[in-house]
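Contents: one structure, followed by commentary.
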Amino acid sequence: MFVSENLSVNSAGHLAIGGVDTVELAKEYGTPLYVMDEQVIRNSLRRFHDSMNKYYDGKGEVHYASKAFSCMEMCRVVASEGDGLDAVSIGELYTAYKAGFPMEKVGFHGNNKTDEELRYALKYKVGHIIVDNISELHRLEAIAGEMNEKPSIMFRIKPGIDAHTHDFVKTGQIDSKFGFALETGEAFEAVKEAVNCKNVHLAGLHCHIGSQIFDIAPFEEAARVMLGFIAEIKAKLDFVVEGLNLGGGFGIKYLNEHDPAPFEVYLERVSYVVKSECARLGVELPKMFIEPGRSIAAPAGITLYTVGARKVIPNIRTYISVDGGMADNPRYILYGSEYDAVVANKANEERTEKVTIAGKCCESGDLIGENMPLQHAESGDIIAVCATGAYNYSMSSNYNRLQKPAVVFVNEGNSRVVVKRETLDDIIRNDI
Ligand code: LLP
C-alpha cells in the first residue's frame, strides 16, 4: 500500500512512520517537517555491509554518500554502524569532523575541489581523496608537499557507461564533467604520472555511473571495464591497484510500480564479476568500496505538510497547496521526479482524487507533483510525501526567504529533533 515498508496505518487511521503517528509529529514539531526513521537507515547500512561481508569476503567498505542527506546526527549513525562516508565538499567534511566521524573512513570527492578544501582534507587526514582531473593532481601533489603529507588518492574514471535510464549504453560518456576518460588514454596517462608522484599514493580507482538505477547489468559492466583497466595498469606499469570504488546509484521505490533489485543481489552479482574477472585477468583482488546515498536515506524519510488552499479549476485540475514546496523539495521542478503522497490524517481512506500538490513559492513550477492519487484533501489536513529522505533536505534552499524545516528522527516509537527548524533570525543572520 505504501512505497516504504516502515509506513503503516495506525488504529487512529493515521499514517505512522516507524510506529510513530505522523499527525502527532506534525502537531508537536510543526510543518513542513522532514521525518526520518533511524531504523530504516541502520537496516539499509547493515544490509549493504553484511552483503559486502558475505559476497566479498569482508574485503570491502560501505561509504554512505552524505550528499544525499547530511547532518551531524546522520554522521553519528553511520559511524556507529561502522561504515564510512563519501563527502563532496568542505561543508560535508566539516559536518563529519564535528560529529566525531573517523576521518580515515572518509572519501573526499568533487570535480573542482578548491585549495582550501584540499588543505582541509589533508589536515583532517581523510582516508582517500578521489582526484577528478590532472590539474587537481598537480595542485594536490604541491599542497601535500608543502604540508608534508602523503595522502592516498583514487582516480575518478569515466568507464564509458551511461546508466541514467532504465537502459544503459556503453558509449557517449566522454562528455561528462566528472573524471578521466578511458577511451582517449587520458586515464592511463594520469595513472602513469601519479605512480611517479612523490607526495601522493595512488591507492585505487573510482567510478560512479549514475543515480536511481534499477538494473544491475550496468554496474556489472562498469566493474568489468574497471578491472580491464586495472589489468592494463599491471601489465604496462607493473603497478598493483589496491582499491576499487564502484560508487553509488542504486535505485529506490518512489512509486509502487518501481521495482529495484535488492542490495543483496547487487552485491552478490557485482562481487562475482570482480572476483571472476580478477581470476581471469590474473590481478589481485582489490579492496572494494561502494557509495550508496539515496538507497540509505530516501526510503527512511517522509515530508509532512499542512494543506492551506484547495483550488478546483473545473475540467482542468485541482490544486492542493501546502506550506512547503520547491524550497524543501526541488526535485519535481528540477527533474520531474515523481512521489507518492498520502493524507496522513485520512490514511485509511481511499485515494479518490488525482491532484496537483503545489508549494507556496512565488513560481508556477513550484509543484511537488501532478496527477497524484490522493484522499480528498481540505485545508488543515496533513499531507505526507513519501521517500523524501534523500536529496530533499540536502538540496533545500531559502528561496522566498522561507525557513528550512526541522528534521526529526524517529526510532522505536520515540522522536527527536536532529536539525532545528530555522528561525526568522536565521534568515537574516548574515545580513549586514
Ligand atoms: N558517489 C558519487 C561519486 C556520486 O556522485 C553520487 C551521487 C553517489 C556516490 C551517490 O549516489 P546515489 O546512491 O545517491 O544515487 N540530486 C540528484 C542525485 C544526484 C546524485 C549525484 N551523485 C537527485 O535528486 O536525484
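Here are some notes:
- Residue in the stretch 150-165 that is modelled with pLDDT under 95, within 16 Å of the ligand (Cβ to nearest atom) and surrounded by fewer than 18 Cβ atoms within 10 Å (Cβ to Cβ) present: yes
- Taking the listed residues E28, E5, E92, the one that is under 21 Å from A300 (Cα atoms), modelled with pLDDT under 95 and not small (G, A, S) is E5, with no other qualifying.
- The strands (runs of 3 or more DSSP E) found wholly in the stretch 298-375 and carrying at least 2 residues that are among the hydroxyl-bearing types (S, T, Y), within 27 Å of the chain's Cα centre (by Cα) and under 21 Å from L25 (Cα atoms) occupy 301-313.
- Flag for A190 being closer than 25 Å to I296 by Cβ, of a type in the set (G, A, S) and either modelled with pLDDT under 95 or crowded, with 17+ Cβ neighbours inside 10 Å (or both): no
- Output for the stretch 273-313, where each listed residue is closer than 30 Å to L15 by Cβ and not hydrophobic (A, V, I, L, M, F, W, C): P292, G293, R294, S295, P299, G301, T303, Y305, T306, G308, R310, K311
- Selection of the stretch 233-279 for residues being assigned to a helix (DSSP H, G or I), under 20 Å from the mean Cα position of the chain (by Cα) and surrounded by fewer than 19 Cβ atoms within 10 Å (Cβ to Cβ) yields E264, V265.
- The set of residues in the stretch 110-148 being in contact (Cβ under 8 Å) with a residue 40 or more places away in the chain, surrounded by fewer than 18 Cβ atoms within 10 Å (Cβ to Cβ) and closer than 15 Å to L93 by Cβ is empty.
- Leading residue by the ranking (nearest to G19 (Cα to Cα)) among those in the stretch 386-405 that are more than 14 Å from the ligand (Cβ to nearest atom) and out of contact with any Leu (no Cβ under 6 Å at 6 or more places or on another chain): C386
- Boolean, I333 is on the phi < 0 side of the Ramachandran plot and either surrounded by 13 or more Cβ atoms within 10 Å (Cβ to Cβ) or among the hydroxyl-bearing types (S, T, Y) (or both): yes
- In the stretch 356-373, the residues that are among the basic types (K, R) reach residues that are not in a loop (DSSP other than H, G, I, E, B) with C-beta atoms within less than 9 angstrom, at least six apart or across chains, in these pairs: K360/G308; K360/S321; K360/V322; K360/N400.
- All told, D175 meets the bar of being assigned by TED's automatic domain parsing to the domain that holds C207, modelled with pLDDT under 95 and among the acidic types (D, E).
- Residue match in the stretch 272-280 (condition: within 16 Å of the ligand (Cβ to nearest atom) and not assigned by TED's automatic domain parsing to the domain that holds D328): no
- Subset tally (residues that are more than 13 Å from the chain's Cα centre (by Cα) and within 16 Å of the ligand (Cβ to nearest atom)) for the stretch 79-90: 3
- Taking the stretch 205-232 as the range and being farther than 20 Å from G107 by Cα and either in a loop (DSSP other than H, G, I, E, B) or assigned by TED's automatic domain parsing to the domain that holds A341 (or both) as the test, the residues that pass are Q212, F214, D215, I216.
- Test: residue in the stretch 7-19 that is more than 16 Å from E291 (Cα to Cα) and part of a helix (DSSP H, G or I): no
- Considering the stretch 173-202, and only residues there that are within 16 Å of the ligand (Cβ to nearest atom) and touching an Asp or Glu at 6+ places or on another chain (Cβ under 7 Å), the residue that is farthest from E104 (Cα to Cα) turns out to be Q173.
The values are calculated or read from the model by the stated rules, or taken from the named source; none is laboratory data. Computed from a predicted structure; not experimentally measured. So basically every Cβ, Gly included, is an ideal-geometry build from the backbone, and we count neighbours across all protein chains shown.
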